[in-house]
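Colleague: Below is the structure I would like to discuss, written out as structure tokens.
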Amino acid sequence: MRPRIGHDDAMRRWNGWGDEGHTAEVSEGGLALLAEKLGPGRPPVDATLAKVVAAVPTSRAKPGEFLDLDPEGRVRHARGQSFPDLVDLRSGRLDAVPDAVARPRTAAHIRDILVRAKAQGARLVPYGGGTSVTGGVSTRRLPDPVITVDLSGLAGVREMDERSGLVTVGAGTTGPALDSWLRERGLFIGHEPQSFDLATVGGWVAARGSGLRSFGQGRIEQLFAGGTLESPAGTMVMPPFPASAAGPDLRQLVLGSEGRLGFLSDVILRTSPVPEIEGMEAWAMPTWQEGCEAARAIAQARLPLSLVRLSTPAEARTLLAFSDHPGQVKALQAYIRARRKPHAWALLITGVAGARNLARLARNEAAEIIDAHEGIRLPGLAEGWFAARFRTPYLRNALWEAGYGSDTLETATDWSRVPTLLSRLEAAIEQALLPHREKVHVFTHLSHLYPTGASIYLSFIFRLGSTPEATLTWWRAIRAAAASVIAAEGATISHHHGVGADAVPYLRTEKGPLGIAALEAVTRVFDPDGLMNPGVLLEGPKR
Ligand SMILES: Cc1cc2nc3c(=O)[nH]c(=O)nc-3n(C[C@H](O)[C@H](O)[C@H](O)COP(=O)(O)OP(=O)(O)OC[C@H]3O[C@@H](n4cnc5c(N)ncnc54)[C@H](O)[C@@H]3O)c2cc1C
């Protein structure tokens, strides 16, 4: 298996995304675009790891087997990858760190940790890859000790049923580790979130995510076949039935449970044969509206493509400005200028993967639809974008260092509401910092497409404030503006990032009082003493 960048490993950056050894630079074009739209960045002075570790308070946890009280390990597990997490880590203002990090290697170890946590009144935070962007693994200040349970020790393939295409893996297994093991056997899962290098299988399921290839491979709920949940109330085994009419499906309770019901120890996933061929293409669509119509037609034709993604003209321009290959961009712009208005085109990316003949057929059907909507093929662009897909998150580190904050948010709605929701969201985000005399650069794409609707994925960049508090105030203003539009338009508060701690109030609006009461009741059954991940998904249990 390919070695992972472990979160207890010095290879992993403690206050940003990814591997210490990898860096990204914001291109000259990208910096020029931001300076023009937002003004010059305000590079901050970051705290050092040594300083933050030196300020870690004494642990309130009782020492014991599997429990690590080392301050550096506690800092490294104190936050995930949300924007507030980043501000806390970069500024060194950690108002709470876990009292201990537990490192179980088996389900029996987890049961032991559950018993000991109950005995000392501690709360437990399941920590997979720690890539949550919603505060799902962030330590909050609580009256009781907090133990973050690092599940990376539960890694590796347990069983492979090749005939059924079912693989059973430890929940702490990362995407690359599983992918290389399966590919050696001619199989793959094809769940590829952009956080692929660090996120774990347990986190995929618990946060109910969606990967880049969801159009072809499905979301995690289509790939999750079963597994084992170790909850405070006991063990629940979920068999990998291909389908079942035996009442409501308990696997659906675990999908998106965000650590509130217990720990997934083993996960069973549905595999597919490695695609015989794979290809990507990019297309310039004459307008956003035309691009949307083509994307909808492709989704409703249910073509067996692997991915479909549509960027607004603003996002297309931003992607080109941020490209590290200005020469290629110039050539591409000249190519488009000769055929299109240079600024109005939307960028459609389509991909095929699978058996040669079927892939060719699907590609040609899609091309016919795109042609009917006056799309023109852009040579070379899609391959470069696809190859760089796991490197893009490193840009967030570089933007921060250049004095800009960047974040994303996502939602989903029906096709009939996509245009209004998207334009209202962009307007709300763009205007959110006007009272603070700051601007926001926002750009959007439809990231996951379905016959009845799409996920809208917005990226936004703004200048960092002169203090961490100012930066956070601005970020909150942007998020609140977007969330109120999402609620007003009846869309979902998350299509794939999950709820975490950040979106708890909005979940209440989305599910309604009866829905929330049902979820709270389920939580009490699995976790009667309120040990698990308090304040995430639902409000913290009252004790
Ligand atoms: C740069 C970047 C890009 C991203 N891109 C995508 C994307 O394309 N698609 C997508 O869906 N998401 C994406 N995410 C969000 C995140 O990576 C996913 O939600 C991912 O599935 C989380 O996996 P993880 O192992 O890191 O979980 P963690 O962040 O460790 O945990 C997430 C939640 O699940 C719980 N949890 C974790 N493991 C277990 C377990 N074994 N049992 C019970 N509960 C558990 C945690 O308590 C927490 O509530 C991205 C994040 C970043 C930072």
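The values are calculated or read from the model by the stated rules, or taken from the named source; none is laboratory data. These figures come from a predicted structure and were not determined experimentally. Positions of Cβ are generated from backbone atoms using ideal geometry, with glycine treated the same way; all protein chains shown enter the neighbour counts.
Conditions (1) crowded, with 20+ Cβ neighbours inside 10 Å; (2) touching a residue at least 12 places away in the same chain (Cβ under 8 Å), marked per residue:
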residue: 466; (1), (2): no, yes
residue: 469; (1), (2): no, no
residue: 476; (1), (2): no, no
residue: 484; (1), (2): no, yes
residue: 494; (1), (2): yes, yes
residue: 502; (1), (2): yes, yes
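Colleague: Condition first: farther than 24 Å from residue 503 by Cα, within 13 Å of the ligand (Cβ to nearest atom) and in contact with a strand residue (DSSP E or B) (Cβ under 9 Å, 6 or more places away or on another chain). Can you find one or more residues in the range 236-246 that meet it? I'd like the intermediate steps shown before the answer.
Modeller: Going residue by residue through the range 236-246, those that are farther than 24 Å from residue 503 by Cα are 236-246.
Now drop any that are not within 13 Å of the ligand (Cβ to nearest atom), which leaves 236, 238.
Add one more test, that the residue is in contact with a strand residue (DSSP E or B) (Cβ under 9 Å, 6 or more places away or on another chain), and what stays is 236, 238.
Yes.
Colleague: To continue, here is another question. Only one of 383, 368 is under 22 Å from residue 274 (Cβ atoms), more than 16 Å from the ligand (Cβ to nearest atom) and in the same structural domain as residue 287 (by TED's automatic domain parsing); which? Don't jump to the end; show me each part of the working.
Modeller: Working: 368 fails: under 22 Å from residue 274 (Cβ atoms).
Exactly one of 383, 368 is under 22 Å from residue 274 (Cβ atoms), more than 16 Å from the ligand (Cβ to nearest atom) and in the same structural domain as residue 287 (by TED's automatic domain parsing), namely 383.
Colleague: Let me ask something else. Tell me, yes or no, whether the range 242-264 has at least one residue that is assigned to a strand (DSSP E or B), buried (at least 17 other Cβ atoms within 10 Å of the Cβ) and of a type outside the set (A, V, I, L, M).
Modeller: Looking only at the range 242-264, we keep the residues that are assigned to a strand (DSSP E or B), and these are 263-264.
Keeping just the survivors that are buried (at least 17 other Cβ atoms within 10 Å of the Cβ) gives 263-264.
Next, from what is left, pick out any that are of a type outside the set (A, V, I, L, M): 263.
Yes; the residues of the range 242-264 include at least one that is assigned to a strand (DSSP E or B), buried (at least 17 other Cβ atoms within 10 Å of the Cβ) and of a type outside the set (A, V, I, L, M).
Colleague: Follow-up question, since we're still on this one. Which ones in the range 205-238 are under 18 Å from residue 389 (Cα atoms) and either among the hydrophobic types (A, V, I, L, M, F, W, C) or touching a His at 6+ places or on another chain (Cβ under 7 Å) (or both)?
Modeller: 209, 210, 211, 212, 214, 215, 217, listed by residue number.
Colleague: Would you mention how many residues in the range 439-494 are under 20 Å from residue 288 (Cα atoms) and not in a strand (DSSP E or B)?
Modeller: Of the residues in that region, 3 qualify.
Colleague: Still on this structure, I have one more. Residue 134 fails exactly one of the following numbered conditions: (1) in the same structural domain as residue 214 (by TED's automatic domain parsing); (2) β-branched (Val, Ile, Thr); (3) out of contact with any strand residue (DSSP E or B) (no Cβ under 8 Å at 6 or more places or on another chain). What is the number of that condition?
Modeller: (1)
Colleague: Let me ask you something else. Search the range 300-327 for residues that are under 17 Å from residue 214 (Cα atoms) and pair each with any residue that is modelled with pLDDT of 95 or more and surrounded by fewer than 19 Cβ atoms within 10 Å (Cβ to Cβ) when their beta-carbon atoms are under 7 Å apart and the residues are at least 6 apart or on different chains.
Modeller: Hits for this filter: 300/451; 301/365; 302/451; 303/365; 304/358.
Colleague: Does residue 256 count as more than 22 Å from the chain's Cα centre (by Cα) and either at pLDDT 95 or above or away from the ligand (no atom under 16 Å from the Cβ) (or both)?
Modeller: no
Colleague: I'd like the residue in the range 403-414 that is in contact with a Gly (Cβ under 8 Å, 6 or more places away or on another chain) and surrounded by fewer than 19 Cβ atoms within 10 Å (Cβ to Cβ) and, out of all such residues, is farthest from residue 325 (Cα to Cα). Talk me through it step by step, then tell me what you get.
Modeller: So the first thing to find is which residues in the range 403-414 are in contact with a Gly (Cβ under 8 Å, 6 or more places away or on another chain), and the list is 403-404, 412-414.
Narrowing further to those that are surrounded by fewer than 19 Cβ atoms within 10 Å (Cβ to Cβ): 403, 414.
Values: 403: 23, 414: 37 Å.
This residue is 414.
Colleague: Pick from the range 126-165 the residues that are small (Gly, Ala, Ser) and more than 7 Å from the ligand (Cβ to nearest atom): which of them is nearest to the chain's Cα centre (by Cα)?
Modeller: Residues of the range 126-165 that are small (Gly, Ala, Ser), as a first pass: 128-130, 132, 135-136, 138, 152-153, 155-156, 164-165.
The next check asks that each one be more than 7 Å from the ligand (Cβ to nearest atom); those that pass are 135, 138, 152-153, 155-156, 164-165.
Values: 135: 12, 138: 15, 152: 18, 153: 22, 155: 20, 156: 22, 164: 29, 165: 26 Å.
Taking the candidates together, the pick is 135.
Colleague: Counting only residues that are surrounded by fewer than 23 Cβ atoms within 10 Å (Cβ to Cβ) and either in a helix (DSSP H, G or I) or in contact with a helix residue (DSSP H, G or I) (Cβ under 6 Å, 6 or more places away or on another chain) (or both), how many does the range 106-151 have?
Modeller: Qualifying residue count for the region: 9.
Colleague: Within the range 166-225, considering only helices (runs of 4 or more DSSP H) that don't extend past its boundaries, which have at least 3 residues that are more than 8 Å from the ligand (Cβ to nearest atom)? First the steps, then the outcome.
Modeller: Working: elements: 175-183, 201-206, 214-217, 220-223.
Filter on the range 166-225 gives 175-183, 214-217, 220-223.
Colleague: For residues that are surrounded by 14 or more Cβ atoms within 10 Å (Cβ to Cβ) and of a type outside the set (A, V, I, L, M), tally how many sit in the range 343-376.
Modeller: 10
Colleague: Among 465, 540, 453, 530, which is the only one that is farther than 18 Å from residue 82 by Cα and more than 16 Å from the ligand (Cβ to nearest atom)? Explain how you work it out, then say what you get.
Modeller: Working: 465 fails: farther than 18 Å from residue 82 by Cα; 540 fails: more than 16 Å from the ligand (Cβ to nearest atom); 530 fails: more than 16 Å from the ligand (Cβ to nearest atom).
Sole residue among the options that is farther than 18 Å from residue 82 by Cα and more than 16 Å from the ligand (Cβ to nearest atom): 453.
Colleague: For the structure I just gave you, tell me whether residue 377 is farther than 30 Å from residue 471 by Cβ and not hydrophobic (A, V, I, L, M, F, W, C). Can you show your working first?
Modeller: Numbers: farther than 30 Å from residue 471 by Cβ: yes; not hydrophobic (A, V, I, L, M, F, W, C): yes.
Spelling it out, residue 377 is indeed farther than 30 Å from residue 471 by Cβ and not hydrophobic (A, V, I, L, M, F, W, C).
Colleague: Residues to consider are 304, 275, 286; find the one that is more than 13 Å from the ligand (Cβ to nearest atom) and closer than 29 Å to residue 158 by Cα.
Modeller: Numbers: 304 fails: closer than 29 Å to residue 158 by Cα; 286 fails: closer than 29 Å to residue 158 by Cα.
It is 275.
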